[in-house]
Amino acid sequence: MPVPSRHPVPARPDARPALWSRGFVLACLANIMMFFNVHFLLSTVAGYTVARFAVGDAVGGAVAAVFILGTLVSRVLAGPLIERFGSRPLLLIGFAAFVAAPLLYWASGSVGALLGVRAVHGLAFGVSSSVIAGAAVNRLPASRLSEGTSHYSSSTLIGVAAGPMIGLALAGSAGAGVGGGFGPVAVIASAVSLAGLVTAWFMDVRPHPAAPAASATAAVTAPTTEPTPVPEEAPRPGWARFVEPGAAATAAVAALYSLGYAGVVAFLATLAAERGFGAVASLFFAVYAATVLVSRLFTGRLMDRRGANEVMLPAFLLFAAGLAAIAAADQVWVLLVAAVLVGLGYGQLLSAGQVICVTRVPRQKAGMGASTYFLGIDVGMGLGPLLAGAFVQWWGTAGMFWVLAGFILVLVPVYWLAQGRALHAEVRS
C-alpha cells in the first residue's frame, strides 16, 4: 500500500488563481444592493414628488437630479475622505444613510426637505460606491484583474436593471409612486439597504498589500534578501488630491460617451411613443441588460489576454450603430436589434473603461481610480439629458439619435489620442 507523501504537491506554475473569493463576492453583493436602491428610488421619486406636493414635472425632475449633484461632490471628495477617515467607517455610515434616506423621503413635509435628503443620499452614494469598488478590485488576482472587474461591473448592471423594473411595477400596480402610497417603496428600499449594511459589515476593505506573484515558480525563485523600502508617497498638490491622475483621461472620455447613453435613457420612451411601439421601451432595456451580462462573460478575459483596445475600439462602432438603429427603427424588431448593439457597445465601454482606470493606477489607489471614472460617468449622465433635449428641439427625436451616433464615431480618434495609443504601445512592448 503506497504511503502518502508528507510533502504537499506544489501548485502548477500555470494554475489560474481563484477569482470568486469571499471578499469579492461580498463586494459584488453589496454593490448590487446599493445600485438597486439608487435606481429603485430614481424610478419612483419624481412621480411621488409630483403627486405628494402637487408640483410640476420640472420640480419632480429636479428632485431626481439633485441626487446626481450630491454624487458628483462626493466623487471629488472621495479620495481625501477615504485617506482621512478610512474606508470601513465611510462604507458603514454610507449604508446607514441608505437605510434612513428612503424613510426620510416618505416623512418629508416639503419639497425643500426632500431635496436636502436626496442631496445627502447622493453624497453617501458617491463615497460608498467608491469604497466598494476599491474593495472589489483589491480582492482580485493581478492576472485576472480585467476579468474580475468586468464581473464586478455586471453586478452594477444587475442593480441598475432590477431597481427600475421592480420600482415601476410596484408604482404601477399598487400606486406606490403616488402620495402616501410611497410607503411600500420606502420600506423595501430601506430593507434592501439594511441587508447591504449587514453585508458591508463582513467585508474586508483593506488595501491589497501587493500584487500577487505571477506564478508559483516566480514565488519559489524569488530572492531572499530584504525588500527595498518603498518611500512614502508625498502629498499630491491641487486637483490631484481629488482626482486620480492615472484615470483622468479615461474618465474624461467616459463622460463623452455617456452623453450618448443619457440620450437613450431620457428620450427612448418619447421615440417609442412617436412611432407607436407602446411599452417596448422597457423591453429595450431588458434586452440591453441581457446582452451586457452575456457579453461580459468573455470580454474580460479578452482584455486580460489582448489588451483594452480589443474591446474599446469595436465597442465605439457598435454603440454608434445602435444609436443609428434607434433613429431608423420603424418596427419593433429593429428597436430590439438596436438594444443588442447598444449593449455590445456602451455596455462594454462602461466595463472596459473601468478596467482601464483601475489597472493604470497603483493597487492601493484602485478606489480613487474607480471614483474618478464614475465621476466622469456621472458628469455625462447629468449633462446628457440637457444636451439631448436641446437637440430634440432643433432636429426632433430621431434627428437627435442620428447626431449622437455621429458624435460617438468622432470619439474614436479622441479615445485613441487620449488613451488608446498608449495602451497599444504597452501591449506591443
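Laboratory data are not the source of any read-out in this text; all were calculated from the coordinates shown. Quick caveat: nothing in here was measured; it's all calculated off a predicted structure. Please note: Cβ atoms are built from the backbone with ideal geometry, for glycine as well, and neighbour counts cover all protein chains shown.
The calculated FRET efficiency for Val187 paired with Leu283, based on their beta-carbon distance and R0 = 45 Å, is about 0.95.
Taking label points 7 Å from Cα along the Cα-to-Cβ direction, Ala195 and Ala328 give a separation of 4.3 nm.
Here region 63-85 is scanned for amide nitrogen atoms under 15 Å from the site 7 Å beyond the Cα of Ala269 along Cα-to-Cβ, giving 63-65.
On full extension of the chain, what length is gained from Val111 through Ala96, given 0.36 nm per residue of separation minus the C-alpha to C-alpha distance? Please list the in-between numbers first.
Working: separation 15, 0.36 × 15 = 5.40 nm, distance 2.28 nm.
Value of the extension gain: 3.1 nm.
Distance between the pseudo-spin-label points of Ala54 and Val73 (7 Å out from Cα toward the beta carbon): 3.1 nm.
Expressed in nm to one decimal, what extension gain is obtained for the pair Arg84 and Leu317 from 0.36 nm per residue of sequence separation less their Cα-Cα distance?
Difference between extended and current length: 79.7 nm.
Annotation for Ala390 and Ala418: the two label points, set 7 Å from Cα along the Cα-Cβ direction, are 1.8 nm apart.
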